[in-house]
Amino acid sequence: MPTSQVKVLVVDDQPLIVEELCEFLESSGYLCVPCHSSVTAIDRFNADPAIGLVLCDLNMPEYDGIELVKALKKSAGQERAFEAIMLTGRAEKQDVIKALREGFADYYQKPVDLEELLKGLQHQETELLKRQKNFHQLGHLNQKLKYLADSIDDLYQDLDKARGQAPGKGDGNEDSEHDSVTIPTIFSPLSPRQLDVARLVGKGKTNYQIACELGITENTVKLYVSQVLRLTHMHNRTQLALALSPGPSTPWQRVTEH
């Protein structure tokens, strides 16, 4: 019996690979949805909301792995979360970087170490459940905020009537300009995951330690570090660590919250 309620969409144009992955993952407690084409994968994803993990090959006909995940993200919209892991037999650096930018959480080189892949999948499942929980909490919070806003609006109208004032005064918007968070310009191009990696580099963590903490491969960490240095126009990790040193001019904790 499956121990996970999250289904795994396994996509590869080589049926034997799909069969091997599904057999292994199902023996490890996952319910898999096998697909031999990206077009079929899109249909299966749209038809089954229980699919929350996507394991797909990079090089496929019709849509490659990157195009597939972009299509799935478009279908999912803002209401459905999923995590994607890429498998590739030819790991061109630019392709991997592009895949990470488009939303892949991690990647593995073929032939895949199944036990390592399982650990990565389990970590992404944990991250997915956190995101889904946040979605539910955010929806509940939005309902509370709407109720609160309506109540405050009613209160102001009652106060206006009691004072003989026209509705609309004292709308409470004076402090709205203080709600925005100033993000340092040098870090604004970074994605949330890039910010996580940068923060850990700033703490002096090694690539291996960062990989363990974030639940991704060390190769993926190296790519993220390279992206962070390029986007922040820094030459090495030392410069990055100095830029992230605690101080009044680096409100880092406010930037990395997500």
Tell me the trypsin sites (Lys or Arg not before Pro) within region 181-225 that lie in a loop according to DSSP and have at most 13 other beta-carbon atoms within 10 Å.
-> Lys203
Listed here are the pairs Lys73/Lys203; Lys93/Lys130; Lys70/Lys93; Lys133/Lys222; which of them are more than 27 Å apart at the Cα?
-> Lys73/Lys203; Lys93/Lys130; Lys133/Lys222
For Gly52, other-chain or 5+-apart residues with amide H closer than 5 Å (H placed, Pro excluded) are Lys7, Leu9
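At 0.36 nm per residue, minus the direct Cα-Cα distance, what do Thr238 and Ser28 gain on full extension? Give it in nm, one decimal, please.
Details: separation 210, 0.36 × 210 = 75.60 nm, distance 4.17 nm.
Using 0.36 nm per residue and subtracting the Cα-Cα distance, I get 71.4 nm.
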Fully extended, how many nm does the chain gain between Ala50 and Lys119 (0.36 nm per residue separation, minus their Cα-Cα distance)?
-> 22.8 nm
Which length gain, in nm to one decimal place, applies between Gln109 and Lys93 when the Cα-Cα distance is subtracted from 0.36 nm times their residue separation?
-> 4.6 nm
Going out from 0 in 10 Å bins, what whole percent of all Cα-Cα distances in region 1-144 drops into each bin?
-> 12, 44, 34, 8, 2, 0
Name the residues whose placed amide hydrogens come within less than 5 Å of the amide hydrogen of Ser37, ignoring near sequence neighbours (fewer than 5 apart) on the same chain.
-> Asp12
Highest mean packing first, using Cβ neighbours within 10 angstrom, the peptides 53-60, 236-243 sort as 53-60, 236-243
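A short reminder: the numbers here are calculations on the coordinates, not readings from a lab. This is a predicted model, so every value here is computed, not measured. Cβ: placed from backbone, ideal geometry, glycine included. Neighbour counts: every protein chain shown.
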